[in-house]
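Here the structure comes first, spelled out in structure tokens, and everything after it is commentary.
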């Protein structure tokens, strides 16, 4: 989430220098409810020490209103089609969402 937040800030800066201003927060979608909770929760536990700096960065951007996070359920995560082994129905659902058509399907 921290790397994506950096990229979003970079893109917003480029667009701003081109004269395209946006006052609304940028959307950051994540399929990990734990990551979203850690980014919003100011209390850290022993298990999250190694990600503390990244969490502070993301949380600061959320508090400033630059980024707005939202949960994306795993079954609707489009990138899964490229990164995971899926069942036929899930593969067809995601392929359809991406607009991919089967060239070998009977017409």
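Read-outs: derived from the displayed coordinates by stated rules, not from any lab. Because the structure is predicted, anything quoted here is derived from the model rather than measured.
Note on the chain: with a GNM built from Cα contacts shorter than 10 Å, the maximum mean-square fluctuation among 86, 78, 28 falls on 86.
Per-residue ellipticity at 222 nm computed for the chain from its helices equals -14500 deg cm²/dmol, with DSSP H segments shorter than 4 residues left out and the rest contributing -39,500 (n - 2.57). Computed from Cα positions, the angle between helix 2-17 and the longest principal axis of the chain comes to roughly 80 degrees. Of 91, 57, 82, the residue with the greatest mean-square motion in the GNM of the chain, using alpha carbon springs below 10 Å, is 82. Taking Cα atoms, how many degrees apart are the long axis of helix 88-98 and the longest axis of the chain, rounded to 10 and kept between 0 and 90? That helix lies at roughly 70 degrees to the long axis. Could you tell me what % of all Cα pairs in the chain have separations over 22 Å? Within the chain, distances greater than 22 Å cover 50 percent of Cα pairs.
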